[in-house]
1. Kindly indicate the residue of the stretch 263-301 that is acidic (Asp, Glu) and without any contact (Cβ under 8 Å) to a residue 24 or more places away in the chain and also farthest from residue 110 (Cα to Cα) among those meeting that condition.
2. Take residue 209 and decide whether it is of a type outside the set (A, V, I, L, M, F, W, C) and surrounded by 20 or more Cβ atoms within 10 Å (Cβ to Cβ).
3. Is it the case that the stretch 277-290 has a residue that's surrounded by 17 or more Cβ atoms within 10 Å (Cβ to Cβ), modelled with pLDDT of 95 or more and not in a helix (DSSP H, G or I)?
4. Would you mind telling me which numbered condition in (1) touching a Gly at 6+ places or on another chain (Cβ under 8 Å); (2) crowded, with 23+ Cβ neighbours inside 10 Å residue 224 fails?
5. Hey, does the stretch 30-47 have a residue that's in contact with a helix residue (DSSP H, G or I) (Cβ under 8 Å, 6 or more places away or on another chain), over 24 Å from residue 271 (Cα atoms) and either of a type in the set (S, T, N, Q) or crowded, with 19+ Cβ neighbours inside 10 Å (or both)?
6. Test each condition in (1) part of a loop (DSSP other than H, G, I, E, B); (2) within 21 Å of residue 308 (Cβ to Cβ); (3) free of Cβ contacts under 8 Å to residues at least 60 places away in the same chain for residue 161 and report the one that comes out false.
7. Which one of these is out of contact with any Pro (no Cβ under 9 Å at 6 or more places or on another chain), in a strand (DSSP E or B) and within 18 Å of residue 256 (Cα to Cα): 61, 49?
Amino acid sequence: MMNFLKSTCIAAALLATTGIATADTLKVSHIRPQDATIDKELRVFADKLKEATGGSLELNLFPASALGDYTSVQERISVGAIDMAVQPAATAVDRRMQISAFPYVAANWDDAKKIYGPGGAIYDAMKELYAKQDITMLAAYPVYFGGIALNTDAVNPGDPSASKGIKVRVPGIKSFQLTADALGYISSPIPFSEAFTAVQTGVVDGVVGSGAEGYYASFRDVTTTYVPVNTHFEVWYMIINSGTLADLSDEDRAALEKAALEFEAKRWETAEADQGAFEQKLADYGATIVKLSDGELTATAEHVRAQVWPQVLEDVGQEWGQSILDKIGN
């Protein structure tokens, strides 16, 4: 009799839980501090996704590189240790990913959208490169055209052939190092986590590799001069481990992919205005904004392309890299 009652209770418990879905929670990393633009936009994205899936898919955000710097996060996403991120492409595993940060590929925002937006040559190339690392690229997130933040006065900022005598921190990516050198600066590869202290203590006098938003978020206290010289077009990528994506239910997967495309489309509508707003924020915080003329920007672009492109093409593979540039028309 006791066994019968026990079996009946178990059966009743199983019936009671039938149909109750277990929510999937994905860890999402990004590189900016809490309440930065990307953090706020991802929180809205997470809320909309939760609503669209009836709560069956949730995102747990980790701002400020809490799960590691973007290079290690990309590697961990590749093996499934972290689910998702929105961040720059890391080139340690595949140097061809430098194509995303090629200097002076796009001349303006219209160009940038054609190249880095859906169906663009670099967009498609990056999607293929991520796939080789067991990572699915869900969306591209345009950020800004890059510039140079200095903790000193600018020296001949509109003349790329002039030696500046200023040492600047650059990311450990060859294209950035070569670009800084071509612009007349002395490049010094320093990890992002050590960059602020390096400027603060005078190890370097400035930073290359970011733009107004990035400098305002992380370097505004050591930025007295900002030169929007359009070093590169900064794009981050919303990426997810391909196995994690495949393991989602069909409904949740479709909802995530749809939300990612909407997230991307909305960002293209606001990114250019955001760039101007953050340049103004730097100015309001006390930095001098050194605007270059169209002629100076054109001359700078031509100079850097001639100096840097052949070397970076050699690094990423001449034939492969040139095939991407040919699609762009360069």
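The values are calculated or read from the model by the stated rules, or taken from the named source; none is laboratory data. Owing to the predicted nature of the structure, the values given are computational and were not obtained by experimental measurement. Every residue, glycine among them, receives a Cβ derived from its backbone with ideal geometry; neighbour counts consider all protein chains shown.
1. 284
2. yes
3. Step one: of the stretch 277-290, the residues surrounded by 17 or more Cβ atoms within 10 Å (Cβ to Cβ) are 278-279, 282, 287, 290.
Among the residues that remain, those that are also modelled with pLDDT of 95 or more are: 278-279, 282, 287, 290.
Then keep just the ones that are not in a helix (DSSP H, G or I); that gives 287, 290.
Yes, that holds for at least one residue.
4. (2)
5. No, that holds for no residue.
6. With (1) part of a loop (DSSP other than H, G, I, E, B); (2) within 21 Å of residue 308 (Cβ to Cβ); (3) free of Cβ contacts under 8 Å to residues at least 60 places away in the same chain applied to residue 161, the lone miss is (3).
7. Numbers: 49 fails: in a strand (DSSP E or B).
Step by step, each of 61, 49 is checked, and only 61 is out of contact with any Pro (no Cβ under 9 Å at 6 or more places or on another chain), in a strand (DSSP E or B) and within 18 Å of residue 256 (Cα to Cα).
Every residue, every condition in (1) among the basic types (Lys, Arg); (2) at pLDDT below 95; (3) in contact with a His (Cβ under 6 Å, 6 or more places away or on another chain), yes or no:
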site: 62; (1), (2), (3): no, no, no
site: 71; (1), (2), (3): no, yes, no
site: 78; (1), (2), (3): no, no, no
site: 81; (1), (2), (3): no, no, no
site: 97; (1), (2), (3): no, no, no
site: 104; (1), (2), (3): no, no, no
site: 109; (1), (2), (3): no, no, no
site: 113; (1), (2), (3): yes, no, no
site: 116; (1), (2), (3): no, no, no
